[in-house]
Amino acid sequence: MTASTSPVMSFRRGGSAAEQAEKEANVSSSGRRGPDFFGLKEDGESTVIRLLTDHDDWIWVDQHSFVPTKPGPKDAEKWPKSMTSVCRKDKAFEGVYTDCYICDAKLKNSFGKVASPRIRVWALAIERELVRGDGSEALGGPSKQGVVIGVRDKVDEVDELGADGKPTGAKLNYPRILVINMPMKGFFSHLKAIHGLYGTVVDRDFQVTRSGTGTDTEYKFAAIDPIRDATGANVVAPGTPAWDKYLQAVSEREISLEGIVADKATDEYYARFFDPTKTVEKDGTVVAATAPAGGVVNLPAADTGAPATISDDLRSRIQMLGTPQQDQPKAA
């Protein structure tokens, strides 16, 4: 596939446009937001997920974690103390970027150690929840009180947008989509083992429980038997109406896993959060930082030659990675 015929990922750009979109999103408490990131904060906390991205489509990259951010803009109401970023020297970006400020400056992470890149894996999932009987006939009657009788999607309510891109006042309900960004060890390795048993990890739900804190954190997975109809067919699997509903939610909310990953390596992302020698203007343009009064800025010795935007070649190489799809024959 050549660059001229490659499908192109279209990133929304510009600080002013983002600011306006954020204001419109906050018209309601729910907001018109992107997907949430998977996270269990407390020891013993658990949730139920349904993977949308199967084993063979997981995206894995070299990634920097817990990197302290540079000071935020004066008008920033909230500014993160640290951020995750995809290393610009990852093999996916060969011929696209020639630098990585975090690597080149040998930045230290929040734990005081050099923020060397480590392999991290990305996937999409739906957040679900167990349904227990409450004694009512609708939920199985008195005999099922407190007993798990099923699993259902958690739901996000978002603003409907009109042709002008502004909220219409109506609300739309979508299954809650999660972005999972975790290491193989202690998380995705469990799913890999389950894939080895069943040949897939998208045909059933998993209850995920956090065990431990800090660097001693482990995640435990309990596979839930597939939900089947009276004929024994799996009712939530690729090719079913339930699965098509998930794909429709991903499409309508314009969620692109490869786009989310690639965005964390862009010039704009690094200039906004890490590189003090650069700044991002309101239209999203990356420029050299202006020296403060009476001071200087430590600019690089030479131009790295990194492009200002992602190339068509990169787009074509990562366009379909990690996108949930219906079952299709695999190429030999």
inquiry  = Suppose we filter GLY232, GLY259, GLY196, GLY239 for residues that are in a helix (DSSP H, G or I) and either over 25 Å from LYS81 (Cα atoms) or without any contact (Cβ under 8 Å) to a residue 60 or more places away in the chain (or both); which single one remains?
reply    = GLY196
task = Return a yes/no flag: does the range 242-253 have any residue that is touching a residue at least 12 places away in the same chain (Cβ under 8 Å), among the β-branched types (Val, Ile, Thr) and either in a strand (DSSP E or B) or farther than 30 Å from ASP43 by Cβ (or both).
result = yes
note = Of (1) part of a loop (DSSP other than H, G, I, E, B); (2) of a type in the set (A, V, I, L, M); (3) farther than 29 Å from ARG253 by Cβ, VAL201 satisfies every one except (3)
query = Could you say which residue among ARG88, ARG128 is under 26 Å from VAL236 (Cα atoms), of a type in the set (D, E, K, R), within 21 Å of the chain's Cα centre (by Cα) and open to solvent by less than 40 Å² (accessible area, probe 1.4 Å)?
reply = ARG128
key: Extreme residue, nearest to SER85 (Cα to Cα), among residues of the range 270-289 that are touching a residue at least 40 places away in the same chain (Cβ under 8 Å) and open to solvent by 20 Å² or more (accessible area, probe 1.4 Å)   = PHE273
ask   = What are the pairs, 6+ residues apart or on separate chains, where a residue within the range 35-48 that is assigned to a loop (DSSP other than H, G, I, E, B) has its Cβ under 7 Å from a residue that is surrounded by fewer than 12 Cβ atoms within 10 Å (Cβ to Cβ) and not charged (D, E, K, R)?
value = ASP43/THR213
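The values are calculated or read from the model by the stated rules, or taken from the named source; none is laboratory data. Note that the structure is predicted; figures quoted are calculated from it, not measured. Positions of Cβ are generated from backbone atoms using ideal geometry, with glycine treated the same way; all protein chains shown enter the neighbour counts. We work out accessible area using only protein heavy atoms, side chains counted, and drop any ligands, DNA or RNA first. Shrake-Rupley method; radii C 1.70, N 1.55, O 1.52, S 1.80 Å.
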